[in-house]
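Here the structure comes first, spelled out in structure tokens, and everything after it is commentary.
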Amino acid sequence: MSTGVRTVEARNPIVETYSRLAREYDEEANFLSCWGRASARALSAIRLRDDYSVIADVGCGTGRALQALASTAPPHTQFIGIDPAENMCRIAAEKAAANKAVQIRLGAFEKIPLETASVDYLYSILAFHWVTDPAASVAEIARVLKPNGEMDLFFIGRDNGREFIQKTSAIFLKYMGPALLLDSARLRKQLTREAALQLFSTAFASPRLSVEESLTTYYDTLEGHWSWWVRVEGHFVKIPQEKKTACDREVREALQSLAGPRGIPYTIHELHVKLRRPDPPH
Amino acid sequence: MTHDQLQQLVVEWIKANKRTSNHLEISGDTELLGTGILDSFGFLDLIMHIESKAGLQIDLAEADPAEFAVVRGLCNLALKSQAAQPCPQA
């Protein structure tokens, strides 16, 4: 079994932030947050076929989904978790140490560390929107999948978090200035369903390929939502430290103003890109 | 491109791409971010639209946060960026 984690050269603020906060990622507050619930929902939608030999989880984080799926899969199934954040990989590798069926590798969608046509099933839960080069990432997925390979990618879409964005954009503009605010927006690739379909159609053909979307509103307390704010902190690393406290205070007040009887709403716009085997001939 | 032409370009794009369903009148005084008419992604798209249609590059480092998100302020910034750019060589 290989659980060694090798360093990759390319770095970006999001990867650095995820790596730095890796130990906090598995805290209970994160699992109970809207993102924890959305991740659990995506995981529950995954159905593994018994004839899969190699399964890849790209953007595996601390390996939570890998462990859950590997615990119920047939013994011949090999799982490979891939993540660009070094400390996430370390934690995932620690968890996988006792399971010979699970390997962890440092890598990213843009350069997947797997052989061509080697993967039966590739999945990813809430990671693809962080890619830096969507076209190259889709080409890499197509490269590593076997000709009849299958895929489930869950990632956030264009209309994600509308309530928060509407309330906080002006605050971030004030503290970051226009250039940094727009730089931070460029870090995420939040696609419409139509744009996602167009992107993945460059490598995969219909009817094997489909893209579904959903809008699900999660309610939580201010502290509950704040617990996942760490995940997007990478966007805001360029706010000068002396301004950050004041910025955080204004953002918290703005989010609290959204509170209703059920709590503070946050709507996740999720895209689900599916690739399935062609139907067998009748 | 004159200020009026640029403002018309911006207003028409916003009407076609705004993120709210409200039938708001878009004018030079309309604030775009705080009102939710556009989000930061929409702003990126708008800036790329202005740059491609007007053939200029907007210098965000020069932008005043208080004016940047208002239609007239954004148009002023675009024209200021245009004036600062060297003329293409013949």
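A few notes on this one:
- Counting the residues of the range A:204-227 that are closer than 16 Å to A:N148 by Cβ and within 18 Å of the chain's Cα centre (by Cα) gives 0.
- Unmet requirement for B:L79, which otherwise passes all of (1) modelled with pLDDT under 90; (2) within 22 Å of A:K189 (Cα to Cα); (3) surrounded by 14 or more Cβ atoms within 10 Å (Cβ to Cβ): (2)
- No other residue among A:S137, A:S124 is touching a Cys at 6+ places or on another chain (Cβ under 9 Å), modelled with pLDDT of 95 or more, away from chain B (no Cβ under 14 Å) and surrounded by 20 or more Cβ atoms within 10 Å (Cβ to Cβ) apart from A:S124.
- Residue in the range B:13-33 that is away from every other protein chain (no Cβ under 14 Å), in contact with a Cys (Cβ under 8 Å, 6 or more places away or on another chain) and at pLDDT 85 or above present: yes
- Condition check for A:R90: part of a helix (DSSP H, G or I) and either under 30 Å from A:T216 (Cα atoms) or among the aromatic types (F, W, Y) (or both): no
- Enumerated helices (runs of 4 or more DSSP H) restricted to the range A:160-249, each holding at least 3 residues that are within 14 Å of chain B (Cβ to nearest Cβ) and under 18 Å from B:G34 (Cβ atoms): A:162-186
- Condition met for A:N160 (at pLDDT below 95, surrounded by fewer than 22 Cβ atoms within 10 Å (Cβ to Cβ) and farther than 24 Å from A:A38 by Cα): no
- Qualifying residue in the range A:93-101 (condition: among the hydrophobic types (A, V, I, L, M, F, W, C) and within 15 Å of the chain's Cα centre (by Cα)): no
- Considering the range A:208-225, the residues that are buried (at least 17 other Cβ atoms within 10 Å of the Cβ) and closer than 17 Å to A:Q166 by Cα include one that is modelled with the highest pLDDT, namely A:Y218.
- Qualifying positions in the range B:36-63 - within 20 Å of A:Q166 (Cα to Cα) and either more than 8 Å from chain A (Cβ to nearest Cβ) or surrounded by fewer than 14 Cβ atoms within 10 Å (Cβ to Cβ) (or both): B:I37, B:L38, B:G42, B:D45, B:L46
- Residue selection: A:T77 satisfies the criterion of being buried (at least 19 other Cβ atoms within 10 Å of the Cβ) and over 27 Å from A:G157 (Cα atoms).
The values are calculated or read from the model by the stated rules, or taken from the named source; none is laboratory data. Nothing here was measured: the structure is a model prediction, and the numbers come from that model. Note that each Cβ is placed from the backbone with ideal geometry, even for glycine, and that neighbours are counted across all protein chains shown.
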